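Participant: Okay, here's the structure, questions in a sec.
The values are calculated or read from the model by the stated rules, or taken from the named source; none is laboratory data. The structure presented is a predicted model; accordingly, all values stated were derived computationally and were not measured. Counting neighbours? That spans all protein chains shown, and the Cβs are built from the backbone with ideal geometry, glycine included. We work out accessible area using only protein heavy atoms, side chains counted, and drop any ligands, DNA or RNA first. Shrake-Rupley method; radii C 1.70, N 1.55, O 1.52, S 1.80 Å.
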Amino acid sequence: METKVDIEQLLRDGQSIQMTVNGYSMYPMLTPNRDMVILSPLPARPLRRGDVVLYRRENSILVLHRVHRAASEGLYMVGDNQTKIEGPLAYSQAR
């Protein structure tokens, strides 16, 4: 029997989570079904270019991408294997 884990709640509670990645947006740094990541709560410092952050797309899925730019209007994110920059995303979408 598989147990559903609320990743966002665990991170809000200050816990770290280890999980296998899925999808090619961060390839070649992360290969799906091979590489694992350890997700930790956001750092106390401001997010900056190059940070890898888990975020929830508006009313949608969780995504692990790199900060392209952190600006007053929000975060601009991009996968290592992508050229399209997504944003601005609300800072509250970052987990």
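Participant: Taking the stated definitions as given, is M19 hydrophobic (A, V, I, L, M, F, W, C) and open to solvent by 90 Å² or more (accessible area, probe 1.4 Å)?
Facilitator: It is false that M19 is hydrophobic (A, V, I, L, M, F, W, C) and open to solvent by 90 Å² or more (accessible area, probe 1.4 Å).
Participant: Scan segment 3-13 and tell me whether some residue there is in a loop (DSSP other than H, G, I, E, B) and in contact with a His (Cβ under 8 Å, 6 or more places away or on another chain).
Facilitator: Within segment 3-13, not a single residue is in a loop (DSSP other than H, G, I, E, B) and in contact with a His (Cβ under 8 Å, 6 or more places away or on another chain).
Participant: Which numbered condition trips up A71, out of (1) crowded, with 17+ Cβ neighbours inside 10 Å; (2) modelled with pLDDT of 95 or more?
Facilitator: (1)
Participant: Return the pair list, or none, for Cβ contacts closer than 8 Å from residues in segment 48-59 that are closer than 13 Å to Y76 by Cα and among the aromatic types (F, W, Y) to residues that are at pLDDT below 95 and part of a loop (DSSP other than H, G, I, E, B), at least 6 apart or on different chains.
Facilitator: Short answer, once both residue conditions are applied: Y55/R95.
Listed here are the residues, each with its yes/no results for (1) in contact with a His (Cβ under 7 Å, 6 or more places away or on another chain); (2) over 19 Å from E8 (Cα atoms); (3) open to solvent by 90 Å² or more (accessible area, probe 1.4 Å); (4) in a strand (DSSP E or B).
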site	(1), (2), (3), (4)
A44	no, no, yes, no
L54	no, no, no, yes
L75	no, no, no, yes
D80	no, yes, no, no
T83	no, yes, yes, no
P88	no, yes, no, yes
